[in-house]
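In what follows, a single structure is set out as structure tokens and then discussed.
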Amino acid sequence: MSQTLPPNETAEQHAAFNARIARGEKIEPGDWMPAEYRRQLIRMISQHAHSEVVGMLPEGEWITRAPTLKRKTILIAKVQDEAGHGQYLYHAAETLGATREEMLDALLSGKAKYSSIFNYPTYTWADVGMIGWLVDGAAIKNQTMLAGCSYGPYSRAMVRICSEETFHHKQGKEMIVAYAQGTPEQRQMAQDALNRWWWPSMMMLGPHDADSPNSGALSGWGIKLKSNDEVRQEFINEHVPELLEAGLTIPDPDLHQDEQGNWKHGPINWDEFWAVIKGQQGLNKERLGARQHAHEDGAWVREAMQAYAARGLGQAAD
Ligand SMILES: [Fe+2]
Ligand SMILES: [Fe+2]
């Protein structure tokens, strides 16, 4: 990587660091690392943590409206898993020196970004299934790649998260396949959900490689092992045949297979992607409002925990 080094970093340090990455070693919290590597990881991991936590909102709205007890228990478990993913990731970012307060502040003030996908509304119960199948399906592709990344705590968090995401993906697919074979109303509900979530799922894997400003540095440091377009290709190749087999129609008239068997998609509406990320379109205000409300609502819990901690660790509780 060609870059001008910060004044307190030497070319030797960088060479040794890059050699460790080239050998496939994991970088651990106490190890020397370039300030830019640390900054990029904090940005990425905290955005990822915010996405998990905000991601609880579109599906959480449906817990009280689940059609059966079985589907309700599955959804509760899934939403709870996403909270856990947020926890692992905030912890991983804390090992780099970011504080929980800073990160939450950045989210609640609107300074930090999170995945654009969670700013889309959920209109019917089938949206819950389609999120599991497509959104968690896309997330798995990205997170499987990150499980191999060079920063130890991030990579280990991803291994754990991926095994839970696999369950999220399966329950979504099972639900949509069942509805696609169900009554005409259920089939229509599944198709409408696909029409709503197909393009946002494609977009959530990020801009094309040429428009992804951080990608170069991230791949050089072994943080991103594949480009956005490569991950998107994996996602489409897996999901297109399965959706078609379920009898659903994918809302892309240009979708076709090339000679290598790769599914090729039509143009993506990136104006929509950027508008949703910036909060000019979609539910960004509502999502942040819900998080702010939850944060204020939980103030007494944080105060109680501080008061308890102030009594001294190791003291018996009475
Ligand atoms: Fe998750
Ligand atoms: Fe998930």
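The values are calculated or read from the model by the stated rules, or taken from the named source; none is laboratory data. Since this is a predicted model, take the numbers as computed values, not measurements. Positions of Cβ are backbone-derived with ideal geometry, glycine not excepted, and every protein chain shown enters the neighbour counts.
Taken together, the criteria place A98 among residues that are among the small types (G, A, S), farther than 24 Å from W198 by Cα, surrounded by 15 or more Cβ atoms within 10 Å (Cβ to Cβ) and at pLDDT 95 or above. The condition (being under 25 Å from I223 (Cβ atoms) and of a type in the set (F, W, Y)) is satisfied by just one residue among Y154, Y120, Y179: Y154. Residues in the range 242-260 that are exposed (fewer than 15 other Cβ atoms within 10 Å of the Cβ) and touching a residue at least 12 places away in the same chain (Cβ under 8 Å): E242, G247, T249, P251, P253, D254. If I filter the range 27-45 for residues that are over 30 Å from S201 (Cα atoms) and part of a helix (DSSP H, G or I), do I get at least one hit? Yes, the range 27-45 contains a residue that is over 30 Å from S201 (Cα atoms) and part of a helix (DSSP H, G or I). Of all residues in the range 231-241, those being in contact with a helix residue (DSSP H, G or I) (Cβ under 9 Å, 6 or more places away or on another chain) and surrounded by fewer than 18 Cβ atoms within 10 Å (Cβ to Cβ) number 1. Restricting attention to the range 135-151, the residues that are closer than 11 Å to K170 by Cα and more than 14 Å from ligand 1 (Cβ to nearest atom) total 0. Residues that are surrounded by fewer than 20 Cβ atoms within 10 Å (Cβ to Cβ), touching a Gly at 6+ places or on another chain (Cβ under 9 Å) and not in a helix (DSSP H, G or I) within the range 121-177 comprise P121, G148, listed in sequence order. Under 7 Å between Cβ atoms, which residue pairs at least 6 apart in sequence (or on different chains) link something in the range 156-169 that is away from ligand 2 (no atom under 12 Å from the Cβ) with a partner that is part of a helix (DSSP H, G or I)? Taking only residues 6 or more apart or on different chains, the pairs are A157/Y88; A157/L89; A157/A92; M158/Q143; M158/L146; R160/Y88. Kindly indicate whether any position in the range 208-230 is within 30 Å of I76 (Cα to Cα) and either within 16 Å of ligand 1 (Cβ to nearest atom) or surrounded by fewer than 19 Cβ atoms within 10 Å (Cβ to Cβ) (or both). No, there is no match, as no residue in the range 208-230 is within 30 Å of I76 (Cα to Cα) and either within 16 Å of ligand 1 (Cβ to nearest atom) or surrounded by fewer than 19 Cβ atoms within 10 Å (Cβ to Cβ) (or both). If you check A275 against the conditions, is it under 20 Å from the mean Cα position of the chain (by Cα) and either farther than 16 Å from V54 by Cα or in contact (Cβ under 8 Å) with a residue 60 or more places away in the chain (or both)? Answer is yes for this residue.
Of all residues in the range 215-257, those satisfying the criterion of being under 21 Å from R20 (Cβ atoms) and not in a helix (DSSP H, G or I) are W221, G222, I223, K224, L225, K226. Candidates are the residues of the range 56-92 that are within 18 Å of the chain's Cα centre (by Cα) and aromatic (F, W, Y); the one that is nearest to ligand 1 (Cβ to nearest atom) is Y88.
When I131, I140 are checked against the criterion of being closer than 28 Å to Q260 by Cα, within 16 Å of ligand 2 (Cβ to nearest atom) and in contact with an Asp or Glu (Cβ under 8 Å, 6 or more places away or on another chain), I140 stands alone in meeting it.
Of everything in the range 53-82 that is small (G, A, S) and within 13 Å of ligand 2 (Cβ to nearest atom), the residue that is nearest to F167 (Cα to Cα) is A77. Among the residues of this structure, P267 does not count as one that is touching a Phe, Trp or Tyr at 6+ places or on another chain (Cβ under 6 Å) and assigned to a loop (DSSP other than H, G, I, E, B). Counting the residues of the range 220-255 that are within 30 Å of G24 (Cβ to Cβ) and in contact with a strand residue (DSSP E or B) (Cβ under 6 Å, 6 or more places away or on another chain) gives 2.
A quick yes/no check of all residues on (1) out of contact with any Phe, Trp or Tyr (no Cβ under 8 Å at 6 or more places or on another chain); (2) touching a residue at least 12 places away in the same chain (Cβ under 8 Å):
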site	(1), (2)
P6	yes, yes
R23	yes, no
G30	yes, no
M33	no, yes
H48	yes, yes
L57	no, yes
W62	no, yes
L69	yes, no
G97	yes, yes
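Assess whether R311 counts as being more than 26 Å from Q47 (Cα to Cα) and of a type in the set (D, E, K, R). It is true that R311 is more than 26 Å from Q47 (Cα to Cα) and of a type in the set (D, E, K, R). Inclusion of A35 among residues that are of a type outside the set (D, E, K, R), farther than 30 Å from Q186 by Cα and more than 13 Å from ligand 1 (Cβ to nearest atom) is warranted.
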